1. For the structure I just gave you, tell me whether Glu166 is modelled with pLDDT of 95 or more and among the acidic types (Asp, Glu).
2. Might you check whether a residue that is hydroxyl-bearing (Ser, Thr, Tyr) and more than 12 Å from Thr19 (Cβ to Cβ) occurs anywhere in region 145-156?
3. Hey, among the residues in region 188-198 that are touching a residue at least 40 places away in the same chain (Cβ under 8 Å) and in contact with a Lys or Arg (Cβ under 7 Å, 6 or more places away or on another chain), which one's surrounded by the most Cβ atoms within 10 Å (Cβ to Cβ)?
4. Which pairs have Cβ atoms under 6 Å, sit 6 or more apart or on different chains, and link a residue in region 10-34 that is within 30 Å of Val252 (Cβ to Cβ) to one that is small (Gly, Ala, Ser) and in a loop (DSSP other than H, G, I, E, B)?
5. Among all residue pairs at least 6 apart or on different chains, which show Cβ distances below 9 Å where the first residue, located in region 110-122, is assigned by TED's automatic domain parsing to the domain that holds Ala24 and the second is surrounded by 22 or more Cβ atoms within 10 Å (Cβ to Cβ) and among the hydroxyl-bearing types (Ser, Thr, Tyr)?
6. Residues to consider are Glu290, Glu283; find the one that is in contact with a strand residue (DSSP E or B) (Cβ under 7 Å, 6 or more places away or on another chain) and either acidic (Asp, Glu) or farther than 22 Å from Ser211 by Cα (or both).
7. Give region 191-250 a look and list any residue that's assigned to a helix (DSSP H, G or I) and under 23 Å from Arg143 (Cα atoms), or say none.
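The values are calculated or read from the model by the stated rules, or taken from the named source; none is laboratory data. Remember, it's a predicted structure, so these values are computed and weren't measured experimentally. In this analysis, Cβ positions are derived from the backbone assuming ideal geometry, glycine residues included, and neighbour counts consider all displayed protein chains.
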Amino acid sequence: MNVWQPESGETLLARAPVTFATGAAPQVRGMRWFRDTERNDIQHELQGWPEGPSFAPRSTGNTVAHRLLRGAAKVTGVTVMAALGAAGGNIATPSSADSGSDTPSDPANEVDDFPVMWAAPGTVGRTLPWRLDPGRSDQKYWRTHLIVTDRRVLVVELPYDGKDMEAVDDEVLWQIPRTDIADVELKDFKDGSDFTITFLDGSWCRLESSSRRKLARYLMRLPELLSVADLNQLQQKAVLDFAREIRMPDSVTPVITRNPCGHYNIDILLPSRLSSAFGASEENIVLDEEGRDIDFKDYHPEDL
């Protein structure tokens, strides 16, 4: 097995599964396109890409029918859940800090069309690997992870086995230096799991990840990385106590960053928590100047 590791002096900041995003508005639900800057479909121009599905936006009539069917399914689902609850079933509903929005921020690219690649010839966007496309790579057996370090951004592919998710065998498919990234934006329509990366040459991609905030925190800006020695005595004690509590191996170094609000993020990525399904899962605390562990309800937006 081959687990990707940073080079000497390089710091791993985040790792999580990603794919190209999928349309959510009725006209484009379940679809995605690869576009040039004139909005032409370029998937047949992408070097080395195998054939994939071709889509056409639904007509207004089909959209109405699709919406009615979804509405009926929702009503049926609510009825079933209510019946189970009345019968004493323990029904849990998923929750997420990214609850999404019913209002598109970019109707041209979220409702009328849904490009996940926007790239002129010769731009970085066109170099992205086809394995990111759920329409071309079988998610039952393969996963793609985005890895963010203080130097670069990478995409790796690895086999996926639901019965052995701790088995990780990485193949690097793509990488760029961080300096090639111009902007990162969270996209909340509809499920709150999409984000875009815009490259310096103007090309961009739209990706989906249930861990988008973790990735975006380190993609949006290169934080000043601190060592335990850079903290005051109270903070140092809090970090060392936390490391002992979670049994941090000696080979692991905490990722410590100071947020603009004055709080300190302490992320510890444990090798034992790496999996094909979830990427690198960290243990995390947020400290104030006095070394106190801040309760989640008191987090500032930049702490997330």
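1. Taking the combined requirement at face value, the residue does not satisfy it.
2. Taking every residue of region 145-156 in turn, at least one turns out to be hydroxyl-bearing (Ser, Thr, Tyr) and more than 12 Å from Thr19 (Cβ to Cβ).
3. Going through the qualifying residues, I end up with Asp194.
4. That search, which allows pairs on different chains as well, returns Arg15/Ala280; Ala16/Ser209; Ala16/Ser211; Val18/Ser209.
5. So the pair list comes out as Met117/Ser203; Trp118/Ser203; Ala119/Ser203; Ala120/Ser203.
6. Details: Glu290 fails: in contact with a strand residue (DSSP E or B) (Cβ under 7 Å, 6 or more places away or on another chain).
Answer to the selection: Glu283.
7. First pass over region 191-250, keeping only residues assigned to a helix (DSSP H, G or I): 212-219, 228-230, 233-245.
Hits for region 191-250 are Arg212, Arg213, Lys214, Leu215, Ala216, Arg217, Tyr218, Leu219.
For every residue, the table says whether it meets (1) among the hydroxyl-bearing types (Ser, Thr, Tyr); (2) surrounded by fewer than 20 Cβ atoms within 10 Å (Cβ to Cβ).
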| residue | (1), (2) |
| --- | --- |
| Pro223 | no, yes |
| Asp230 | no, yes |
| Phe242 | no, yes |
| Met248 | no, yes |
| Val255 | no, no |
| Asn259 | no, yes |
| Tyr264 | yes, no |
| Pro271 | no, yes |
